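Down below is the structure, laid out as structure tokens.
The values are calculated or read from the model by the stated rules, or taken from the named source; none is laboratory data. The shown structure was predicted, so the numbers you read here are calculated from the model rather than taken from an experiment. FYI the Cβ positions are ideal-geometry reconstructions off the backbone, even for glycines, and counts take in every protein chain you see. In case anyone asks, the SASA skips ligands and DNA or RNA and just uses the protein heavy atoms, side chains included. Shrake-Rupley method; radii C 1.70, N 1.55, O 1.52, S 1.80 Å.
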Amino acid sequence: MLPVDLNSLTSRSRTPCILFLGAHCDDIEIGCGGTVLNLASRYPAARFVWVTLSSDDVRAQESNRAAAELLAGADNVHIRMMRFRGSYFPYEGAAVKDCFEELARTCDPDVVFTHFRHDRHQDHRTVSDLTWNTFRDHLILEYEIPKYDGDVGQPNVFVPLAREILERKIDILLRCFPSQRSRNWFTPETFSAMARLRGIECNAPDGFAEAFHTRKLTLTP
């Protein structure tokens, strides 16, 4: 396994930019919340751009609160909650595409976190496809969302998580998203089980990790 160090983010002449894309409120938080905590702590001067494409008043408030907690300590944070209709992204493709084009004009990310291409949820796939269409010259990491469809796949990039980081992620999810607590899968056991499995697969020091898929990666010797 080849470890990739993101220290190059701090060696650039411009402010590094990290972009998080999620179809729905709680997607980014579930898929890469622990990684967000690590990045915000390690690169507090970076520009963090957080875009959730489908929300309503209740869920936007929840996700804003969660994002603020995950990015606490970062100095340059931009959070956008869009109002595209959930479950209809393929049928609103032109409008969602326009949103991505506008985002590309204002954001040149060093790393993009987005949905897994083979996620069975139609909104997630649309976001992943448009990410690759819009940011094809960037490092893209696709996160995973556990669900009924059983589509998490075999990831090839891992971010080890300290136990306290995982516990903080889970605490934020449970506190900030009361609207989701009635879902039988929205439990500490779900989130810790995923992290434990991925931790085993990458031999993480504390036994926990978040996992991602990358389809193209350019290495500079």
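Data for the structure
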| read-out | value |
| --- | --- |
| Pair list, Cβ under 7 Å, 6 or more apart: segment 60-76 residue under 13 Å from Arg168 (Cβ atoms), other residue of a type in the set (Ser, Thr, Tyr) | Gly73/Ser41 |
| Some residue of segment 144-164 being open to solvent by less than 30 Å² (accessible area, probe 1.4 Å) and under 30 Å from Arg105 (Cβ atoms) | yes |
| Elements of type strands (runs of 3 or more DSSP E) contained in segment 110-221, each with 1 or more residues being among the polar types (S, T, N, Q) | 111-115 |
| Scan of segment 103-124 for residues that are under 14 Å from the mean Cα position of the chain (by Cα) and closer than 11 Å to Ala23 by Cα, ordered by number | Thr114, His115, His124 |
| Of the criteria (1) open to solvent by 60 Å² or more (accessible area, probe 1.4 Å); (2) touching a Ser or Thr at 6+ places or on another chain (Cβ under 9 Å); (3) touching a residue at least 24 places away in the same chain (Cβ under 8 Å), which one Glu167 fails | (3) |
| Hits in segment 29-66 (condition: acidic (Asp, Glu), under 23 Å from Gln122 (Cβ atoms) and either open to solvent by 10 Å² or more (accessible area, probe 1.4 Å) or touching a strand residue (DSSP E or B) at 6+ places or on another chain (Cβ under 9 Å) (or both)) | Glu29, Asp56 |
| Sole residue being small (Gly, Ala, Ser) and out of contact with any helix residue (DSSP H, G or I) (no Cβ under 9 Å at 6 or more places or on another chain), chosen from Ala40, Ala60, Ala46 | Ala60 |
| Hits in segment 33-77 - residues which are over 16 Å from the mean Cα position of the chain (by Cα), part of a helix (DSSP H, G or I) and either among the basic types (Lys, Arg) or modelled with pLDDT under 95 (or both) | Arg42, Arg59 |
